[in-house]
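A quick write-up on the structure given underneath.
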Amino acid sequence: FFFFFFFFLLLFFFFFFVYATYSEYFNNNTEFWSSLFNESIYGTTTQRVKIVAKKLRDQIQLNKSDDIISRFTHLDFGCGTGELPTISANMGINVIAIDIAPAMVESTILAIGEELKDNTKVFQGDISSLETINDNSIDAFSALGLIEYLTLDEFETFLSHIHRILNKNGKAYIGSRN
């Protein structure tokens with residue numbers, strides 16, 4: 001009995017610590033990550049965002065009708081400092097941006113600005129936040145540079161949610177730094 005109790009207690013503290021650590025790290029380093037976006041030394045972030053933005057533009061071009069574009073929804077999970085959600089909002093599509101760190105959420109809100117806020121929803125959340133997204137409601141899902149922070153169980157849950165929320169012609173864009 002004591003072995004199982006100790007094991008579950010250890011497991012609880014591990015997951016609590018890991019969750020708090022990632023959230024705290026990104027919350028405390030928002031300016032650092034924002035500054036890296038345009039640094040050539042860390043240009044892969046810029047490149048990933050540009051590649052996904054091009055793919056989104058291509059996906060929208062398949063549906064040239066303004067009515068379809070205005071109903072197009074892009075969910076950026078792990079939105080960071082808001083570069084990709086801002087590009088998407090500028091395309092005129094609806095954006096949902098989620099990040100675990102409150103400072104990243106604030107940075108995304110600032111990046112999007114007043115004129116684009118009507119077609120965006122930005123909030124703090126983790127994988128469980130994806131449970132609130134309706135089935136088949138997302139046209140494009142992106143998660144750049146976050147899967148390396150997920151446990152195997154979280155990754156399986158993550159993929160399950162993506163499968164559930166993407167519509168029939170939806171696309172998922174997932175990238176990793178590692």
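Results, tabulated for the structure shown:
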{"read-out": "Count - residues of the range 149-178 that are closer than 22 Å to Pro85 by Cα and among the hydroxyl-bearing types (Ser, Thr, Tyr)", "value": "3"}
{"read-out": "Residues located in the range 153-178, provided they are basic (Lys, Arg) and closer than 10 Å to Ala140 by Cα", "value": "Lys171"}
{"read-out": "Condition met for Thr81 (modelled with pLDDT under 90, of a type in the set (Ser, Thr, Tyr) and crowded, with 23+ Cβ neighbours inside 10 Å)", "value": "yes"}
{"read-out": "Selection count, the range 84-122, where residues are among the small types (Gly, Ala, Ser) and modelled with pLDDT of 95 or more", "value": "1"}
{"read-out": "Considering residues of the range 144-176 that are of a type in the set (D, E, K, R) and farther than 18 Å from Ser129 by Cα only, the residue surrounded by the fewest Cβ atoms within 10 Å (Cβ to Cβ)", "value": "Lys168"}
{"read-out": "Whichever residue in the range 117-142 is among the charged types (D, E, K, R) and under 11 Å from Ile98 (Cα atoms) and, among such residues, is least open to solvent (accessible area, probe 1.4 Å)", "value": "Asp126"}
{"read-out": "Members of the range 139-161 found to be within 14 Å of the chain's Cα centre (by Cα) and free of Cβ contacts under 8 Å to residues at least 24 places away in the same chain, listed by number", "value": "Leu150, Phe155, Leu159"}
{"read-out": "Residue in the range 99-114 that is surrounded by 16 or more Cβ atoms within 10 Å (Cβ to Cβ), touching a residue at least 12 places away in the same chain (Cβ under 8 Å), small (Gly, Ala, Ser) and in contact with a Lys or Arg (Cβ under 9 Å, 6 or more places away or on another chain) present", "value": "no"}
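Residue by residue, here is whether (1) of a type in the set (A, V, I, L, M); (2) over 11 Å from the mean Cα position of the chain (by Cα); (3) closer than 20 Å to Arg71 by Cα holds:
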site	(1), (2), (3)
Gly92	no, yes, yes
Ala97	yes, no, yes
Ala103	yes, yes, no
Glu106	no, yes, no
Lys117	no, yes, yes
Lys121	no, yes, yes
Ser128	no, yes, no
Glu131	no, yes, no
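The values are calculated or read from the model by the stated rules, or taken from the named source; none is laboratory data. Model, not experiment: these values are computed from the prediction. Cβ sites come from the backbone with ideal geometry, for glycine too, and all protein chains shown count toward neighbours. Surface areas here come from the heavy atoms of the whole protein model, side chains and all, with no ligands, DNA or RNA. Shrake-Rupley method; radii C 1.70, N 1.55, O 1.52, S 1.80 Å.
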